[in-house]
Amino acid sequence: PLLDDFVPAATPKVLYPAIDLSAWPAYRPSEGRAATGDGSRSFVISLNRYERKKNIGLAIQMLSLIHEKKTDDVELPLLVIAGGYDPRVLENTEHLEELTQLCQKRNLRFAKVDSEASIAMRDEALVSEDQSLDVSGVDVVFLRNVSDALRAELLANARCTVYTPDKEHFGIVPLESMYVGCPVLAVSSGGPLETVLQGRTGFLAEPDPEAFAEVLLGSGLIHRKTGVDTKRSMGKVSHAHVVERFGSDAFDQALDALCVDTVQQRRRFTSLEWQMELLCLVMALVSLVMAAIGAWHTLRPASDEKTADE
C-alpha cells in the first residue's frame, strides 16, 4: 500500500490500428439494393476467409430462421458470402462444401460463382454479367477471391454486414463496412465490442442463430418501409464514426498523445524514484545511528565497572 501511494499503477491505454481511408472510394450514401434478374431485393453480406473459425454457418442459420419468422413487411434478403479461397488449402475446399451442405439442410437455394468476373456491381445493383447466374432464383451466393474494387462495392451496397467470428481479436471488416456506410451485425465479443456502437453503427448479439435473426428482424434494416432510411441513417453515423476513431489522422493524434503521456509519466516516476531513494538513504542512516547508540549503551557499563575496580 505504501508503494502504491508513491508509484501508482498507470492505467493501460489502447492504440487502435487504422485503416487506409485513401484506398477506399469516396463515401456516398446507398440504399442497399441488389438487382436480381426480373426484380430487386436487398442483400446482406458475410465477408470472411473460408475457414471454420470464422463461423460463417451462423449467417446461413440466421437466414433460415428469418425465412421461418418473416412477416409481410419483411423483405427476404439475399445472403452474399464472399472471402478468400485457395483450392490448394484443404480447409477452404472442405468448409465451402460444408456450407453448401448446410444450405441444403436448411432448404436454402444457393449458387457458387467460380469467377469474380461473373458478378459485378452496376448502378448500385448486384448483377450477373455473363448471364450464368440468376440471382433472383437463389437465397445464398458464394463468391471466392473477390477483387478489392468489388469488395468495396459489395460492402457499400449491402443492407448490412453479418460479421460472425467469435472472440475475434480486432477485426478489420467491421471498420471497412462502417466506413463505406454499411451497418454491422456482429458477435458480442472481441473487437466489435470496441468498434461497433450498439444501435448506432450496428448491432451486437450472442453467437446464436436465433439471436442474430431476432436482431436483424428488429433492426428495421430488412423491412420494406424502413429498410432504406435505416440503412442510410445508420450508414452516415457509421462513416463518421470510423473517420473520427479509426482513420489515419485519428491514429496519428492518438499515437502522439500516448508518446507525450508516456514521457510525462516517466518524469513523474523519475521524481518519485528519487524521493524513494532519498527516503531509503535517510532510513539507512537512521538505522546506523540507532545501531551505534545501541552499541555505545551496551559497551558503556562494562567500561564504567572496569574503572571502578581500578
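If you take the residues in region 153-170 that are in a loop (DSSP other than H, G, I, E, B) and in contact with a helix residue (DSSP H, G or I) (Cβ under 6 Å, 6 or more places away or on another chain), which one is surrounded by the most Cβ atoms within 10 Å (Cβ to Cβ)? Talk me through it step by step, then tell me what you get.
Going through region 153-170, the residues in a loop (DSSP other than H, G, I, E, B) turn out to be 158-159, 164-170.
Then drop every residue that is not in contact with a helix residue (DSSP H, G or I) (Cβ under 6 Å, 6 or more places away or on another chain), which leaves 159, 164-165.
Numbers: Arg159: 29, Thr164: 24, Pro165: 23.
If we take residues in region 153-170 being in a loop (DSSP other than H, G, I, E, B) and in contact with a helix residue (DSSP H, G or I) (Cβ under 6 Å, 6 or more places away or on another chain), then Arg159 is surrounded by the most Cβ atoms within 10 Å (Cβ to Cβ).
Note down all Cβ pairs under 9 Å where the first residue falls in region 138-155 and is in the same structural domain as Pro77 (by TED's automatic domain parsing) and in contact (Cβ under 8 Å) with a residue 24 or more places away in the chain, the second is among the basic types (Lys, Arg) and in a strand (DSSP E or B), and they're at least six residues apart or on different chains.
Val141/Lys112; Phe142/Lys112; Leu143/Lys112; Arg144/Lys112
Can you tell me which residues in region 74-90 are surrounded by 14 or more Cβ atoms within 10 Å (Cβ to Cβ) and in contact with a helix residue (DSSP H, G or I) (Cβ under 9 Å, 6 or more places away or on another chain)?
Within region 74-90, Val74, Glu75, Pro77, Leu78, Leu79, Val80, Ile81, Ala82, Gly83, Gly84, Tyr85 meet the criteria.
Quick grid of which residues meet (1) out of contact with any Ser or Thr (no Cβ under 6 Å at 6 or more places or on another chain); (2) of a type in the set (D, E, K, R):
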{"residue": "Arg144", "(1), (2)": "yes, yes"}
{"residue": "Ala149", "(1), (2)": "yes, no"}
{"residue": "Glu153", "(1), (2)": "yes, yes"}
{"residue": "Tyr163", "(1), (2)": "yes, no"}
{"residue": "Asp166", "(1), (2)": "no, yes"}
{"residue": "Val180", "(1), (2)": "yes, no"}
{"residue": "Gly190", "(1), (2)": "yes, no"}
{"residue": "Glu214", "(1), (2)": "yes, yes"}
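Among the residues of region 188-224 satisfying the criterion of being in a loop (DSSP other than H, G, I, E, B) and small (Gly, Ala, Ser), which is surrounded by the most Cβ atoms within 10 Å (Cβ to Cβ)?
If we take residues in region 188-224 being in a loop (DSSP other than H, G, I, E, B) and small (Gly, Ala, Ser), then Gly191 is surrounded by the most Cβ atoms within 10 Å (Cβ to Cβ).
Return the pair list, or none, for Cβ contacts closer than 7 Å from residues in region 80-94 that are on the phi < 0 side of the Ramachandran plot to residues that are of a type in the set (Asp, Glu), at least 6 apart or on different chains.
Pairs that qualify, where the first residue is on the phi < 0 side of the Ramachandran plot and the partner is of a type in the set (Asp, Glu), are Glu91/Glu51; Asn92/Asp86.
Among (1) modelled with pLDDT under 95; (2) surrounded by 17 or more Cβ atoms within 10 Å (Cβ to Cβ); (3) part of a helix (DSSP H, G or I), where does Leu96 come up short?
(1)
Just give me the residues in region 51-62 being part of a helix (DSSP H, G or I) and touching a helix residue (DSSP H, G or I) at 6+ places or on another chain (Cβ under 8 Å), in sequence order.
Scanning region 51-62 gives Arg52, Gly57, Leu58, Ala59, Ile60, Gln61, Met62.
Working carefully through the options Leu143, Leu150, Leu108, Leu133, find the one that is modelled with pLDDT under 95 and either under 20 Å from the mean Cα position of the chain (by Cα) or in a loop (DSSP other than H, G, I, E, B) (or both).
Answer to the selection: Leu133.
The values are calculated or read from the model by the stated rules, or taken from the named source; none is laboratory data. It should be emphasised that the depicted structure is a prediction, and the values quoted were computed from it without experimental measurement. Note that we place each Cβ from the backbone using ideal geometry, even for glycine, and neighbour counts take in every protein chain shown.
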